[in-house]
Every structure is written in structure tokens, then in C-alpha cells.
Amino acid sequence: MTIQVTAPSDLQAGYTFEASTADGKPFTVTVPEGGVKSGQVFEVDTAVVAASNTETPPHGPRWKHTLCSCCETCCCPFFMGWCCLGIFAGQVFQRMRYNIVGCETSNASNTCVIMTVISLTAWLVTVILSYLFGDAYTATYGTYGFGTITYYFISYAFLIYIVVALTFARNNMRKKYNIQGSCCEGCLDDCCCAYWCSCCTLIQMHRETHDENQYRYDIGSKTGLQRGAPEVV
């Protein structure tokens, strides 16, 4: 017996990517000879699916790279992690099929776009308001003007959102691949990493799912991967 799988992008023969059954069980798919086009439906033997579900995830039990090894990656992911955190998170989340709060979803095709809009909107609003009202003195706000207060409010709200989303995403990723915590176990480990160094945490997640030596990072892609590269390696 066979089941039908829809290709997530144009893939060459031999590439592997993760798919899931109707009941949500993940399995590994190997692209057949001749390759496939984005959206193309092809068949996979159910015996292969059953064998894939019984295998131990290859990523565990420890991360491929430590938190402090973020400087070892190429310059583009490093720049995105430190300067465009929300956009970079959207790429990694969409690659893992997570929604904007780091939880698995059946449709993650717009995760990167939504997180990019959130990030750019937060940045643009804080810049405009700070420029227009940042120096205004009012008796109500003391030495802080409306623009300054708005700037800090939006900045901290965005920071909290990123920490919460990264905590959920990292915890779900560790559960999926049976990866041990960096300093402790449970959600506390993921929360500490996301809070104290969101940039390093996100770069670590990016490098865990992406073989940067084989597939170069694509800054303009929704998943951060070049066309035809498997979403998870």
C-alpha cells in the first residue's frame, strides 16, 4: 500500500524531508528518481512510513552545536540572529512547520511573512514615535515623553513575545528530536536560553535543522534555505 505526499518545493532525487500522516505522525520521505516539483503529489510505500516512525530521531541526544558556537556560522545567519531576530525566527519556525508562537501547525506557509510584518511594524512604529514625540516633556510622564514611553512599551512587548515564542519552539524541537537541555531539563531550560541569549538560541536551532556545509543559507527565502534544499536535515 502507498500514501500520497505533496512536495513542499522543487526537490532533486535523493533529497529527504519530513512529512506527516493524517493523524500527525511525522515520517521521512526520500524524493524518488527524476525529482519532484513544488506541489507535485507522489506516492510513498507505507512500509517506509512505518519504519520511519519506529526509528529514533537522529538529532539527539545533544545539540549539534553549543549555544556559544554561534560565531562559527557564516556571516548571514549571524547577522540575522543579532540584527533581524524576528525575521530570522520566522524562517526557522516555518522550516519546522511552527506557527508564530512556536507551536506545530498544519499550515505554516505564512509564518515567516507574519513574523516579518510584526518585526518591521514594531521597529517602524517605535522609530516614528520616538522621532516625533521622544523629546516632548509633559507633567503626566515626568521627563519621559509620549514617544519614549511608547518606544519602551513596544520594545518590551516585542521582547516578551520573542522570548515566549522561542521558548515554545525550542521546547517542542527538543521533544521532537529527544535533545537534552543545555543547563537543565523541561521548559525552564528553554526559557532561560531564550531570555538570556535569544540570538544564540535561534542560531543554534537554525544550525540544528540545516546542514550549512551542504546547503547555503538564503536570506531571501521564507525558510532560510535555497530552492530545492530539504527543510530539515
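What follows draws every value from the coordinates through simple rules; no lab data is involved. Please read these numbers as outputs of a predicted model, since none were measured by experiment. Glycine gets a Cβ as well: all are built from the backbone with ideal geometry, and neighbour counts include every protein chain shown.
Simple spin-label estimate for residue 3 and residue 103 gives 2.3 nm between the two label positions (7 Å along the Cα-to-Cβ direction from each Cα).
The listed peptides 109-116, 37-44, ordered by packing as a protection proxy, come out as 109-116, 37-44 (highest mean of other Cβ atoms within 10 Å first).
Phi angles across the range 76-85 convert, under the Karplus curve 6.51 cos²θ - 1.76 cosθ + 1.60 with θ = phi - 60°, into 3J(HN,Hα) values of 5, x, 5, 5, 5, x, 8, 10, 10, 4 Hz, Gly and Pro given as x.
Put simply, when 89-98, 67-76, 160-169 are sorted by average Cβ atoms within 10 angstrom per residue, most first, you get 89-98, 160-169, 67-76.
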